[in-house]
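The values are calculated or read from the model by the stated rules, or taken from the named source; none is laboratory data. Computed from a prediction, not measured in an experiment: that's the story for all the values here. Using ideal geometry, Cβ is built from the backbone for each residue, glycine included, and neighbour counts are taken over all protein chains shown. Surface areas here come from the heavy atoms of the whole protein model, side chains and all, with no ligands, DNA or RNA. Shrake-Rupley method; radii C 1.70, N 1.55, O 1.52, S 1.80 Å.
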Amino acid sequence: MIRLFKVKEKQQEIAENANEKAPVKKQTAGELRVQRDISELNLPKTISIAFPNGQDDLMNFEVTIEPDEGYYNGGRFLFTFEVTPVYPHEAPKVKCETKVYHPNIDLEGNICLNVLREDWKPVLNISTVIYGLYYLFMQPNYEDPLNHEAADVLRDDPETFESNVKRAIAGDQWVGQTYFPCPDF
């Protein structure tokens with residue numbers, strides 16, 4: 001008699017599972033951490049975040065920084081973030097999609113920011129990276145450059161550096177041997 005009830009219970013369980021929608025995908029620890037990091041973000045009006053693949057893909061997103069002071073005042077800079085499933089044990093991969101005249105960002109969009117490389121620790125989060133990027137626009141660092149030409153100009157002639165930045169931000173201009181197109185957003 002007991003076996004009969006077990007068979008009925010199993011049949012009922014199979015029937016219930018067949019009536020349900022697709023099984024819910026279990027989130028990885030990295031996805032859960034990113035979800036928490038993003039929900040805790042408290043960004044100033046000069047920084048925005050967007051999810052081009054929809055809210056279901058939190059592992060790939062874009063951050064736009066629009067500095068309201070410093071050399072880069074009036075500029076608009078788009079960064080893509082790709083977060084791997086092993087996050088927070090590995091820093092997110094970040095790329096600058098806006099061509100920018102900056103000592104710490106090269107013309108291919110690679111970024112020299114210590115928390116994205118050697119100083120990354122699992123206790124850091126998405127907010128740390130975003131504010132680190134923002135800080136690069138407030139205080140560009142010529143001592144650890146990716147764009148050596150921009151670093152040299154910043155170090156040796158800050159007024160020319162400021163002029164070069166403004167021309168690059170305006171777009172449709174040459175700065176040295178590099179053409180900066182008009183901003184596309």
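Worth a mention:
- Computed over region 42-116, relative contact order equals 19 percent, with contacts defined as Cα pairs under 8 Å that lie 6+ residues apart.
- Three-way shape label, region 127-185, alpha-carbon gyration tensor, a/c 1.5: oblate
- Positive minus negative residues near residue 62 (Lys, Arg vs Asp, Glu; Cβ under 15 Å): -2
- Estimated at the nearest 10 Å², the accessible area of residue 94 is 20 Å² with a 1.4 Å probe.
- Cα centroid separation - region 122-178 against region 41-59, whole Å: 23 Å
- Degrees separating the helix 2-19 axis from the principal Cα axis of the chain, which is the longest one: 40 degrees
- Helix 158-170 and the longest principal axis of the C-alpha atoms of the chain enclose an angle of approximately 50°.
- Percent RCO, i.e. relative contact order, over the chain, from Cα pairs under 8 Å lying at least 6 residues apart: 16 percent
- Label separation (residue 40 vs residue 163): 4.7 nm, computed from points 7 Å beyond Cα along the C-beta direction.
- Compared with the dominant principal axis of the Cα atoms in the chain, helix 29-39 is inclined by about 60°.
- Accessible area in the full protein assembly, largest first, 1.4 Å probe, for 39, 48, 127: 39, 48, 127
- Proximal aspartates and glutamates relative to residue 45, as straight alpha-carbon distance under 17 Å, when same-chain residues fewer than 8 apart are discounted: 62, 66, 68, 69
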